[in-house]
Amino acid sequence: MRDVAVVGFAQRQMEEFDGSPTCVEMLVPLFAECYEQTGWNRHDIGFWCSGSSDYLAGRSFSFVSAVDAIGVIPPINESHVEMDAAWALYEAWLKIQTGEVDTALVYGFGKASAGVLRRTLALQLDPYSMTPLWPDTVSLAGIQARTGIEAGVWDERAMAEVVNRSLTDAEKNEYAIRKGGSSVEELLARPMYADPLRKHDCSPVTDGAAAIILAADDRARSVADRPAWITGLAHNVDPISMGNRDLTRSPSTAAAVRGLDLGGVEVAELHAPFSHQELVLRTELGLADDVAINPSGGALAGNPMFTGGLIRFGEAAKKVWDGSADKVLAHATSGPALQQNLVCVMEGREKAEH
């Protein structure tokens with residue numbers, strides 16, 4: 001296995017675009033920021049991989065227009081996934097493992113404010129038995145939250161504690177679009193949005209983009225004093241039908257980490273679009289009480305569609321870069337009620353060991 005590290009990261013999160021800039025207008029400055037961090041330019045990137053959705057964009061092959069942000073003369077080595085860009089990072093990591101390239105730039109983008117996100121995401125459900133009913137994302141999450149409460153696995157206070165901590169931590173995040181904790185009691189006094197969820201229990205509709213640079217071996221060491229070495233990476237999938245799984249659990253998360261070493265993890269950036277989902281993930285990951293969860297504020301502070309998971313990777317890597325943590329965990333999810341989950345362990349050390 002080749003040693004691969006995260007060496008560059010840039011992001012933008014906003015409630016909605018100012019006017020209607022294209023994805024290219026969002027991505028160009030992010031690529032420039034990553035180039036500045038590494039001292040590279042587009043010719044130093046061996047592979048490009050993006051994550052986005054034609055359904056969200058409302059037009060076919062929307063990702064092709066994003067390639068304009070790269071520049072295609074001379075031709076580039078490029079790929080795309082129709083899901084969160086964290087899975088594009090997985091593809092790029094595999095590409096580097098093949099030995100075909102030594103570097104990759106992964107990016108994602110999405111303009112969720114252009115439509116009704118709750119309805120758009122119904123298109124990712126089973127097309128025969130679920131999508132025709134148009135169950136929206138928030139309502140499905142409400143069913144999951146209610147299932148956990150009725151089973152005694154968590155309660156509304158535990159959910160409010162997650163929100164209060166997340167939004168308090170988000171005050172230090174310049175990119176967070178929702179921030180500012182208050183108190184658990186004040187949060188519990190707010191009205192219901194989709195019982196038992198209140199609005200603060202749900203990640204805000206967010207527009208945005210992000211980019212990450214991966215590099216192998218000495219290429220990583222040449223541009224970063226303390227690269228965030230990827231020492232474990234795995235993902236798994238649960239059934240699409242919510243009636244075929246225990247909604248208080250996330251078997252795919254547990255399966256993804258079964259072969260990973262989580263001992264000594266100090267920081268975990270968990271992609272939990274709803275407050276109760278963080279509780280599920282913490283249990284499945286078996287994280288110790290002293291692990292700092294979502295110091296960036298997490299998805300409850302901002303969750304750009306098809307980038308929210310990738311941002312968790314970048315935020316976790318930053319903790320390794322600045323020396324505040326030696327070992328971190330990043331997580332991304334896709335699909336309804338934590339259906340698909342990807343987990344990555346990164347460490348700050350001279351050379352990754354496998």
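Once all protein chains are placed together, W321 keeps about 70 Å² accessible to a 1.4 angstrom probe.
If R0 equals 22 Å, the separation of the Cβ atoms of E33 and V72 corresponds to a calculated FRET efficiency of about 0.60. Dividing the helix sum by the residues of the chain, where each DSSP H run of 4 or more adds -39500 (n - 2.57), gives a mean residue ellipticity at 222 nm of -9500 deg cm²/dmol. Treating r as the C-beta distance of T147 and D225 and R0 as 56 Å, the FRET efficiency rounds to 0.75. Of the GluC sites (Glu not before Pro) found in segment 135-180, the ones in coil according to DSSP and having at most 11 other Cβ atoms within 10 Å of their Cβ are E174. If R0 equals 25 Å, the separation of the Cβ atoms of N244 and E82 corresponds to a calculated FRET efficiency of about 0.60. If you sort V72, V138, V116 by accessible surface, 1.4 Å probe, largest first, the order is V116, V72, V138. Ordered from highest to lowest accessible area with the whole protein assembly present and a 1.4 Å probe, T22, T38 read as T22, T38. For the chain, lysine pairs with C-alpha atoms less than 23 angstrom apart, excluding pairs fewer than eight positions apart on the same chain, total 15. Compared with the alpha-carbon gap, the fully stretched path from S113 to V237 is longer by 41.9 nm at 0.36 nm per residue. Beta bridges per DSSP, both residues in the chain: antiparallel share near 70 percent.
If one computes the Cα centroid of segment 210-285 and of segment 190-205, what distance in Å separates the two points? Going from one Cα centre to the other spans 25 Å. Only one item in (i) 71, 29, 18; (ii) 31, 23, 19; (iii) 32, 28, 17 matches semi-axes √(5λ) of the Cα gyration tensor in Å derived from the coordinates shown, and that item is (ii).
Note on D326 and D290: the model spin-label points, each 7 Å out from Cα along the C-beta direction, lie 1.2 nm apart.
Within segment 1-76, the chymotrypsin sites (Phe, Trp or Tyr not before Pro) that combine a DSSP coil assignment with at most 12 other C-beta atoms in a 10 angstrom radius are F61. Between E174 and R42, the contour length at 0.36 nm per residue exceeds the Cα-Cα span by 44.8 nm. Restricting segment 162-264 to trypsin sites (Lys or Arg not before Pro) that sit in a DSSP loop and have at most 12 other Cβ atoms within 10 Å of their own Cβ leaves R258.
The values are calculated or read from the model by the stated rules, or taken from the named source; none is laboratory data. In this text the structure is predicted, and so the values were computed from the model without any measurement. Quick reminder, even Gly has a Cβ in these numbers, built from the backbone with ideal geometry, and neighbours come from all protein chains shown. The area values use the complete protein model at the heavy-atom level, side chains included, leaving out ligands, DNA and RNA. Shrake-Rupley method; radii C 1.70, N 1.55, O 1.52, S 1.80 Å.
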